[in-house]
Amino acid sequence: MKFMKSLLGLFSTAMLMPALAFADDAPTLSSGDTAWMLVATVLVLFMTIPGLSMFYGGMVRSKNALSTFVQLFAITSLMTILWVVIGYSIAFGGEGAYWGGLDKMFLKGVTVDSLSGTIPETVFMVFQMTFAIITPALIVGAFAERMKFSAMLIFMSLWLIIVYAPITHWVWGDGGWLGGKGILDFAGGTVVHINAGIAGLVAAIVLGKRKGYGKTAMPPHNLTYTIIGASMLWVGWFGFNAGSELAADNVAGMAMAVTQIATAAAALTWMFAEWIFHGKPSGLGIASGAVAGLVAITPASGAVGPMGAIAIGAASGFLCYLSATKLKQMLGYDDSLDAFGVHGIGGIVGALLTGVFASTSLGGAGFGDGIESIAGQVSVQALGVGATLIYTGVVTFILLMILKLTIGLRVSEDVEVEGLDTGEHDERAYILN
Amino acid sequence: MKMVTAIIKPFKLDDVREALSEIGVKGITVTEVKGFGRQKGHTELYRGAEYVVDFLPKVKIEAAVDSSQVDQVIEAISKAANTGKIGDGKIFVAEIEQTIRIRTGEAGPDAL
């Protein structure tokens, strides 16, 4: 924990900020809000299983298809337990600039009667749990087709506790230092997408390229899965974004509208970009574009208006297109399914543009507390991006290096060639004879 | 007896089968194959990663026929499998030394 503290010291200016006081004006349960949040929670879980599983599972080669599904299913189960044991407490257990403490370990004090705002705390805890599930799951795309299942489970466990839960507290927890600065991260652009994206980039680099990367063909084995998965993500994302209002109200309504609009704008932008630069629009392209739009509108969904959503979607669609198709090849890392290219880049684009389009002059809902200009908001957004890039980047690197030097991160070359399905699980995705 | 082997475009299989039935060919063997010829392959692009697909899917038909029927068979296949575009395929003819029907033990042209 010592290095964590010294690292956090880098952001010590934040310690001077007063803890953000949350209004607790409605301590009674609202059945309307609760009904919506029950549904929203299920929608977000649906994003990982089966949504993201199919999105990723279709993009790998058939010999690794099943292992991708298994990894996401196992992450879903493991993160659930870890969230109950300690994750929820670190993120939401109490006030503190950097973490919420250990008071709510094993869900101590979370009873059938406890409330969080106008909804039962149990619902809030499970809603947040689904975010703690999908964020590690997103990283899988970066190291697909080569990571050892056992190392993956250990890495994800440590990552949830040391990276995800604290950053969640920084942004959304009582007294969290980024929240206190007035950062606008409505549904998790920083907490979820930049976080998973940069962790993915580090993982792709530390694990190294897949055997034969750049020399042998590694086309997606089933793009219909991928498009079905992207469609499920799109649908589930309404729980993610509109649900992040934690109420069934006007802001949730606008969050839903801008989510749909930005996603469509980004899907079209990627499709047309490919059409113009390559000559043909592709299914993988339009599906990837939709996800890029969903990612970018995530931090903005409670802050911007419909026109801002179009701009954010278009910008993210184009920049993620460039990063997945050009930047990756230029720099030569093997971010297999573009976890960084789509979630990292899209998250950064969304986080920064949220600072612009939150402005009421551009149809937004206004800046964070104590912030009066676009420049002021963008600089807080940039601080959030920078802090996440550095903290997550460094800690992820250290975690992976420890595992690399002890139990090893990659499957053996034989298993990689044979495929993770039979190599790691003794079964196959497709038995066609 | 001759063995007529034809490599054709997959979507022409039904037309060829029908044409062969019409002229009295009693059986064929069909295999899905891959290969390249003058048509060459094509490129596919996935998020900027370009792959050259060298081998294209084709269907291989094998028909064992009586020597007297061979010209008719060639004509039927040529006509049915023709699209006029590159990649329509090829027909090879080879001599068959012997044919035996496993169930009855019949040999020679009677076994065809």
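The values are calculated or read from the model by the stated rules, or taken from the named source; none is laboratory data. Everything numeric here is computed off the predicted structure, so don't read it as measured data. Cβ placement follows ideal geometry from the backbone for every residue including glycine, while neighbour counts extend to all protein chains displayed. Only protein heavy atoms, including side chains, enter the accessible area calculation; ligands, DNA and RNA are left aside. Shrake-Rupley method; radii C 1.70, N 1.55, O 1.52, S 1.80 Å.
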Qualifying positions in the range A:299-315 - surrounded by 23 or more Cβ atoms within 10 Å (Cβ to Cβ), part of a helix (DSSP H, G or I) and of a type outside the set (Gly, Ala, Ser): A:299, A:312
Answer yes if at least one residue in the range A:268-278 is open to solvent by less than 30 Å² (accessible area, probe 1.4 Å), small (Gly, Ala, Ser) and under 21 Å from the mean Cα position of the chain (by Cα), and no otherwise. no
Among (1) in contact with a Ser or Thr (Cβ under 7 Å, 6 or more places away or on another chain); (2) open to solvent by less than 20 Å² (accessible area, probe 1.4 Å) - the single one residue A:396 does not satisfy: (1)
Kindly indicate whether any position in the range A:339-361 is of a type in the set (Val, Ile, Thr), within 14 Å of another protein chain (Cβ to nearest Cβ) and surrounded by 24 or more Cβ atoms within 10 Å (Cβ to Cβ). yes
Would you be able to tell me the number of residues in the range B:40-55 that are facing another protein chain (nearest Cβ under 7 Å) and open to solvent by 80 Å² or more (accessible area, probe 1.4 Å)? 0
Considering only residues of the range A:307-338 that are of a type in the set (Ser, Thr, Tyr) and touching a residue at least 60 places away in the same chain (Cβ under 8 Å), which is nearest to the other protein chains (Cβ to nearest Cβ)? A:336
Do the conditions hold for residue B:26, that is, is it more than 14 Å from chain A (Cβ to nearest Cβ) and crowded, with 17+ Cβ neighbours inside 10 Å? no
Could you list, ordered by first residue, the pairs with Cβ atoms under 8 Å in which the first is in the range A:132-153 and part of a strand (DSSP E or B) and the second is open to solvent by 10 Å² or more (accessible area, probe 1.4 Å) and among the basic types (Lys, Arg), at least 6 apart or interchain? A:147/A:410
Being of a type in the set (A, V, I, L, M, F, W, C), surrounded by fewer than 24 Cβ atoms within 10 Å (Cβ to Cβ) and in contact with a helix residue (DSSP H, G or I) (Cβ under 9 Å, 6 or more places away or on another chain) is the filter here; which residues of the range A:316-338 pass it? A:318, A:319, A:322, A:327
With the requirement that a residue be more than 22 Å from the chain's Cα centre (by Cα), assigned to a loop (DSSP other than H, G, I, E, B) and among the hydrophobic types (A, V, I, L, M, F, W, C), what does the range A:342-399 give you? A:365, A:367, A:371
If I go through the range A:42-63 residue by residue, how many of them are within 17 Å of residue A:338 (Cβ to Cβ) and polar (S, T, N, Q)? 1
Out of the residues in the range A:261-284 that are touching a Leu at 6+ places or on another chain (Cβ under 9 Å) and assigned to a helix (DSSP H, G or I), state the one that is nearest to residue A:237 (Cα to Cα). A:263
Scan the range A:233-249 and give yes if some residue there is over 30 Å from residue A:115 (Cβ atoms) and of a type in the set (S, T, N, Q), otherwise no. no
Sort out which residues of the range A:96-115 are surrounded by 13 or more Cβ atoms within 10 Å (Cβ to Cβ) and of a type in the set (D, E, K, R), and write them in order of number. A:104
Could you check, for the range A:71-86, whether at least one of its residues is free of Cβ contacts under 8 Å to residues at least 12 places away in the same chain, open to solvent by 40 Å² or more (accessible area, probe 1.4 Å) and not aromatic (Phe, Trp, Tyr)? yes
Within the range B:29-39, of all residues that are more than 14 Å from chain A (Cβ to nearest Cβ) and over 12 Å from the mean Cα position of the chain (by Cα), the one least open to solvent (accessible area, probe 1.4 Å) is B:35
Within the range A:366-393, of all residues that are surrounded by 17 or more Cβ atoms within 10 Å (Cβ to Cβ) and among the small types (Gly, Ala, Ser), the one farthest from residue A:192 (Cα to Cα) is A:368
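So that you can scan it fast, the table gives a plain yes or no per residue for (1) within 30 Å of residue A:148 (Cβ to Cβ); (2) out of contact with any strand residue (DSSP E or B) (no Cβ under 6 Å at 6 or more places or on another chain):
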position: A:33; (1), (2): no, no
position: A:41; (1), (2): no, yes
position: A:51; (1), (2): yes, yes
position: A:59; (1), (2): yes, yes
position: A:62; (1), (2): yes, yes
position: A:68; (1), (2): yes, yes
position: A:75; (1), (2): yes, yes
Every pair of residues 6+ apart whose Cβ atoms lie under 6 Å, when the first sits in the range B:23-44 and is more than 30 Å from residue B:111 (Cα to Cα) while the second is open to solvent by less than 50 Å² (accessible area, probe 1.4 Å) and among the small types (Gly, Ala, Ser): B:39/B:87
